[in-house]
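Trainee: Can you keep this structure in mind? I'll have questions shortly.
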Amino acid sequence: MNKKIISLIFAGAAGAFALAGCAGGGQTVDDKTASLKPGTYTGQSSENDEEGGGYATVSLTIGENNAIENVVFETFEKNGNSKYTEDYGKINGEASNKAYYEKAQKAVEASKGYAEQYMKVQSLTEVDAVSGATISYNQFVEAVQSALQKAAQ
């Protein structure tokens, strides 16, 4: 009986470690200390199921000495349509819920600043989340990390 319990505990712990290894898409890369290869790299966040869902992409250009030279960030709806349009937040092509539409448009404008801020501060940990665009912030961080992982290989 004790062997069964010990086996179950061991199997549960092994499963937890395996799942923890999958969380976040892998290892975090520190853009200040990692040795990154110059070039342009792309990254994509996982899909988010909150507030209509969607995902984000980043194109990140790294120069000598890990300098972030260019960042292009864009968010997309689940169907692949860009959120960076005046139609984002409309329902059936109309801004029938004005508060929702305005919130969606403010989030888009705020999220556009993440790439600019990253270029300025040159460190992902120093990019601040903007209230109303937290989902985009999380997607930005995840997509940049994905690109940095490729640059660190």
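The values are calculated or read from the model by the stated rules, or taken from the named source; none is laboratory data. The model shown is predicted, which means the values in this text are computed figures rather than measured ones. Cβ atoms come from the backbone with ideal geometry, glycine included; neighbour counts cover every protein chain shown.
For (1) farther than 14 Å from SER136 by Cβ; (2) within 20 Å of the chain's Cα centre (by Cα); (3) among the hydroxyl-bearing types (Ser, Thr, Tyr), each residue gets a yes or a no:
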residue	(1), (2), (3)
ALA56	no, yes, no
THR61	yes, yes, yes
GLU69	yes, yes, no
GLU74	no, yes, no
SER82	no, yes, yes
THR85	yes, yes, yes
ALA104	no, yes, no
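Trainee: Name the one entry in VAL108, VAL58 that is under 22 Å from SER131 (Cβ atoms), modelled with pLDDT of 90 or more and surrounded by 13 or more Cβ atoms within 10 Å (Cβ to Cβ).
Mentor: Numbers: VAL108 fails: modelled with pLDDT of 90 or more.
On inspection, the qualifying residue turns out to be VAL58.
Trainee: Checking TYR101 against (1) of a type in the set (Ser, Thr, Tyr); (2) at pLDDT below 90; (3) assigned to a helix (DSSP H, G or I): exactly one of these is not met. Which one?
Mentor: All conditions are met except number (2).
Trainee: Filter the stretch 128-153 for residues that are crowded, with 20+ Cβ neighbours inside 10 Å and among the aliphatic types (A, V, I, L, M); which is farthest from the chain's Cα centre (by Cα)?
Mentor: Taking the candidates together, the pick is ALA151.
Rundown of residues vs (1) small (Gly, Ala, Ser); (2) free of Cβ contacts under 8 Å to residues at least 24 places away in the same chain; (3) in a loop (DSSP other than H, G, I, E, B), yes/no style:
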position: GLY80; (1), (2), (3): yes, yes, yes
position: TYR84; (1), (2), (3): no, no, yes
position: GLY113; (1), (2), (3): yes, yes, no
position: ASP128; (1), (2), (3): no, yes, yes
position: SER131; (1), (2), (3): yes, yes, yes
position: SER136; (1), (2), (3): yes, no, no
position: GLN139; (1), (2), (3): no, no, no
position: GLU142; (1), (2), (3): no, no, no
position: LEU148; (1), (2), (3): no, no, no
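Trainee: Looking at the stretch 88-104, I want the residues that are on the phi < 0 side of the Ramachandran plot and have a partner that is outside any loop (DSSP other than H, G, I, E, B) and surrounded by 13 or more Cβ atoms within 10 Å (Cβ to Cβ) with Cβ atoms under 8 Å, at least 6 apart or on another chain. Which pairs are those?
Mentor: TYR88/SER82; TYR88/ALA104; TYR88/GLN105; TYR88/VAL108; LYS90/TYR101; ILE91/TYR100; ALA95/TYR101
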